[in-house]
Each structure stands twice: as structure tokens, then as C-alpha cells.
Amino acid sequence: MKKEKLIEAAKNFGSPLYVYDASKIKFQYKRLTSAFKNVKNLQLNYAVKALSNISILKYINTLGAGIDTVSVQEVLLGIKAGYSPDKIIYTPNGVSLHEIKKVSKMGVKINIDNLNTLEQFGNLYPEVPVCIRINPHVMAGGNSKISVGHIDSKFGISIHQIPLLLRIVENTNIKVNGIHMHTGSDILDIEVFIRATEILFDVAKKFKFLEFIDFGSGFKVPYYNGDNETNIEELGVKLSERFNRFCNDYGRDLTLVFEPGKFLVSESGNFLCSVNSIKQTTSTIFAQVDSGFNHFIRPMMYGSNHQIENISNPNDTSRFYSVVGYICETDTFATNKKISKISEGDILNIKNAGAYCFSMASNYNSRYRPAEVLYLNNKLILIRKRESFDDLIKNQVELDF
Ligand SMILES: *Cc1c(COP(=O)(O)O)cnc(C)c1O
């Protein structure tokens with residue numbers, strides 16, 4: 001997005017503010033579909049947890065996507081956003097059987113990642129088809145918080161448990177309509193990913209009634225100039241060829257499914273905050289902004305390195321700044337970053353703020369969560385109001401003493 005538009009957004013809607021560029025979401029969607037154009041049936045299910053604003057969900061629906069959900073609430077959001085239940089897949093981990101039962105009544109696809117749950121669910125509803133989440137134990141993710149395919153992971157049914165899985169399927173007579181894996185975020189090595197898919201194909205062969213194979217997600221996007229990313233085009237060529245060969249051997253055209261979150265929305269997002277003060281210490285120049293990990297936790301939680309621009313004064317002499325927040329704990333957005341000279345009142349843009357940013361925001365320090373704006377067809381449209389004091393206390397029960 002142009003800096004002028006972002007400045008206009010900050011002027012109109014205040015700061016801190018999230019601004020999402022719809023055209024970038026569309027671009028990424030097209031990029032992924034064209035990388036897999038040689039696959040007959042492709043289904044992209046957007047992972048709602050990355051950015052769950054209902055207007056974003058509705059926009060992504062217009063592109064033709066389905067959604068991947070991890071809670072009953074995300075399913076409800078998706079239905080409210082207009083997704084038909086058969087384009088929703090529910091991939092819970094560690095939720096109660098009660099919740100899974102509730103979701104299965106809504107007609108969405110169910111993805112089960114626990115043998116114990118499968119057995120109980122299968123005994124109750126042998127007529128409801130399920131997808132099985134396999135853990136191929138391949139380390140593909142970027143760090144231990146987001147890598148979910150390793151041997152100690154709580155996710156998926158281990159490939160070493162396939163005999164028991166088959167026995168449960170036989171005993172309960174449950175129909176398995178899909179095989180799934182999600183190895184974790186930030187895949188860089190295509191070969192490692194392909195190795196995991198081979199394991200999945202091996203499992204898939206054992207089931208006769210499959211409709212789809214879901215390869216999860218974990219596509220990495222570049223966070224700063226020169227950062228690396230998953231080579232989607234290369235993956236498209238290699239996996240499409242392999243998938244088509246599998247379908248040929250299987251005797252039927254299955255649907256190839258992905259569930260990208262970050263890949264679709266990360267780069268669309270800009271997080272605008274304004275500089276409250278400049279503080280020089282013995283070692284550092286701090287730019288202190290009107291935000292913190294209450295609004296944007298990725299750098300503190302995952303160590304992610306986001307590009308930061310001073311959009312109020314983009315072309316001045318650069319200096320090295322630590323950009324920090326106003327929370328009463330260490331909340332460093334960036335350390336020792338070269339940014340065009342910053343003054344009080346300047347607007348900084350923290351880039352790549354579409355995925356796992358607003359959706360992880362909280363009211364810590366009793367601050368309001370930011371507003372959100374969608375930039376669509378050259379218009380800045382408010383899609384979430386800034387919170388107010390009433391929002392902070394509306395569910396609190398105030399006792400009189
Ligand atoms: C979080 C998640 C995704 C999305 O991962 P990204 O790295 O954002 O693309 C997909 N599938 C499942 C099951 C997930 O939990």
C-alpha cells in the first residue's frame with residue numbers, strides 16, 4: 001500500500017490501527033491456485049485463526065475459498081460470514097467430545113487427531129464421515145512453538161499408530177473421507193515437506209473412500225528485505241505431479257486441500273502506531289509507540305522480525321532505533337533497527353501485520369484493542385471499531401462494598 005493512503009487511514013481512524021490491503025490477499029490466493037493449476041480439484045481453506053474479522057472472512061469467501069476452523073466459535077463465525085458448511089473443516093485439538101458432537105451437527109467436515117476421540121465419536125456417529133489428522137513426525141516448522149509435526153507434538157495421530165487407527169475404523173465402521181497433516185508454520189525446505197507428503201500418501205492408500213487429502217499449511221512469507229520464503233511455485237510443480245500420480249494409482253480424482261493462514265493474509269496487513277516519545281539512554285535510542293504486546297505480540301512471542309517504516313518521514317537520514325511499546329513489561333517490537341529519523345507524533349508502519357496479530361490482541365493494561373480497516377477498491381473501510389471504556393467493563397460484575 002502507498003504511504004499516503006496509510007497516513008490518510010491513521011488520520012481518519014486514529015492509531016493504533018490495523019489496515020489490510022484486500023488486493024494483496026487476492027494476489028496471494030491467485031498465486032497459490034495458479035501454482036497448483038495442474039491439479040483437477042483444488043480446495044483452499046483459509047485458516048480463520050490467522051485473522052478472523054468477519055469482513056475479511058466474507059471477502060475471502062468471494063475468492064472461492066473454504067475455511068479451516070479450530071473452535072466451534074470459528075465455525076459459527078464462518079457460517080455467519082456465509083460459508084456453506086461443506087466448505088468448512090473443523091480441526092480441533094484437545095477439545096471436548098461435547099464440542100465435536102455439537103460441530104458435527106452443523107454439517108461441517110470433521111478432522112480428528114486423537115484415537116481415543118475417534119473411537120468414541122465413531123461409536124456414537126458411525127454415519128458421520130471424518131478426516132484423520134496424521135502426524136508424520138517431520139520437523140518442518142520454523143521454531144518449537146509453531147512446529148507441530150515432531151515426535152513430542154500433541155498434534156495428530158502418529159504414523160506409528162496406523163494399525164490401531166485401522167482397527168478402530170473397522171470396529172466402528174466409520175467412513176474416512178480425508179487424510180490430513182499440518183506440520184507447522186514456516187516451511188522452507190520443500191524436500192522436507194515432500195517427504196512428509198510421501199508418508200501421507202502411504203497412509204492414504206489404506207483408505208478406500210477418500211474424497212480429499214489435506215496437506216495443511218505452513219507456507220512462510222518474507223518478513224523483511226532479503227528474508228526467505230516458501231517457494232510455492234516449486235512446491236506446486238513437484239506436489240501437483242506427485243498428487244496426480246497418486247490419484248491415478250488410487251483410481252479416482254481426489255481433491256487436494258491446503259489451509260493457508262499466514263500465506264494469504266500476512267503481507268496484506270499494516271500496523272500503524274504513533275510515536276509517543278523518543279528516549280535516549282546510555283546505549284540506545286528508543287522510539288516509544290502507543291501500543292505493545294497487547295496489540296501485536298509476534299516479536300515478543302515468536303521472535304519475529306517485522307520491517308518497520310516511518311511513513312510520516314520516510315526519506316530522512318536513517319538512525320538506529322529500538323522500537324518499544326507502552327506496556328509495563330518489556331515489549332520490544334524491534335531492536336537496533338535502521339529507520340528514517342523519527343520524531344514525536346510520527347506514524348510508524350509495522351509490516352506483515354495481517355496474520356496472528358489482531359487475532360492475538362488482548363486488553364492487557366486495560367488498553368483498548370485497535371480498530372481495523374480494509375483497503376478495497378481504493379477505499380478505506382472501517383471493519384472493526386476501536387474499543388471504548390464500555391467494552392472494557394461490559395462483562396465485569398461490579399460489586400458494591
Ligand atoms: C494454524 C493452522 C493453519 C494455518 O497455518 P499458517 O502457518 O498460518 O498457514 C492450518 N492448519 C491448521 C490445522 C492450523 O492449526
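The values are calculated or read from the model by the stated rules, or taken from the named source; none is laboratory data. Because the structure is predicted, anything quoted here is derived from the model rather than measured. Heads up, the Cβs are rebuilt from the backbone with ideal geometry, glycines too, and the neighbour counts pull from every protein chain shown. To get the accessible areas, we keep the full protein, side chains included, count just its heavy atoms, and leave off ligands, DNA and RNA. Shrake-Rupley method; radii C 1.70, N 1.55, O 1.52, S 1.80 Å.
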- Item | 20 Å cut-off, amide nitrogen to a point 7 angstrom out along Asn12 Cα→Cβ, residues in the stretch 356-379 | 370-379
- Query: Under a plain spin-label model, where a point goes 7 Å from the Cα along Cα-to-Cβ, how far apart in nm are Asn171 and Asn41?
  - Reply: 3.1
- Stretch Lys208-Lys2 to full length: gain in nm at 0.36 nm per residue minus the Cα-Cα span? 69.0 nm
- Message: What does the extension gain come out to for Arg195 and Glu233, with contour length at 0.36 nm per residue minus their alpha carbon separation?
- Response: 11.9 nm
- Report the trypsin sites (Lys or Arg not before Pro) located in the stretch 226-268 that are in a DSSP loop and have at most 15 other Cβ atoms inside 10 Å of their Cβ, or state none. Arg252
- Message: For a quick check of your reading of the filter: which GluC sites (Glu not before Pro) in the stretch 331-401 sit in a DSSP loop and have no more than 13 other Cβ atoms within 10 Å?
- Response: Glu344, Glu398
- Using alpha carbon centers only, the stretch 180-248 is separated from the stretch 256-291 by a whole-angstrom value of 29
- Task: Would you kindly compute the Cα radius of gyration of the stretch 221-335 and its largest Cα-Cα separation (Dmax), both in Å?
- Result: 21.0, 70
- Message: With just the Cα atoms defining each centre, how far is the stretch 31-103 from the stretch 319-344? Give it in Å.
- Response: 36
- Once the piece of chain linking Arg386 and Lys102 is laid out straight, how much longer is it, given 0.36 nm per residue of separation minus the C-alpha distance between them? 99.0 nm
- Between Asn378 and Ile393, what is the spin-label point distance in nm, taking each point 7 Å from the Cα along the Cα→C-beta axis? 4.6
- Calculate the spin-label point distance for Thr282 paired with His160, positioning each point 7 Å from the Cα along the beta-carbon direction, and give it in nanometres. 5.2
- What lysines could a cross-link reach from Lys385, if we take a straight Cα to Cα line under 18 Å and drop same-chain neighbours fewer than 8 places away? Lys11, Lys58, Lys394
- Note on the structure: Plugging the Cβ-Cβ distance of Asn305 and Arg245 into 1/(1 + (r/R0)^6) at R0 = 45 Å yields, to the nearest 0.05, a FRET efficiency of 0.70
- Based on the mean of other beta carbon atoms within 10 Å per residue, what is the order of 204-211, 15-22, most packed first? 15-22, 204-211
- Pairs of Lys in the stretch 185-313 closer than 22 Å at Cα, counting only those 8 or more apart or on different chains: 4
- Summing -39500 (n - 2.57) over every DSSP H run of at least 4 in the chain, dividing by its residue total and rounding to the nearest 500, the 222 nm mean residue ellipticity is -9000 deg cm²/dmol
- If you count the DSSP beta bridges with both ends in the chain, what percent of them are antiparallel, to the nearest 5? 45
- Task: Quick one: plug the Kirkwood hydrodynamic radius of the stretch 22-265 (C-alpha pairs) into Stokes-Einstein at 10 °C, 1.306 mPa s, and report D in µm²/s.
- Result: 88
- Query: Computed over the Cα atoms of the stretch 267-388, what is the ratio Rg over Rh, Rh following Kirkwood?
  - Reply: 0.95
- Message: Need one value: the accessible area of Met301 in square angstrom, 1.4 angstrom probe, rounded to the nearest 10.
- Response: 70
- Message: Under 8 Å for C-alpha pairs, at least 6 residues apart: give me the relative contact order for the chain, rounded to a whole percent.
- Response: 19
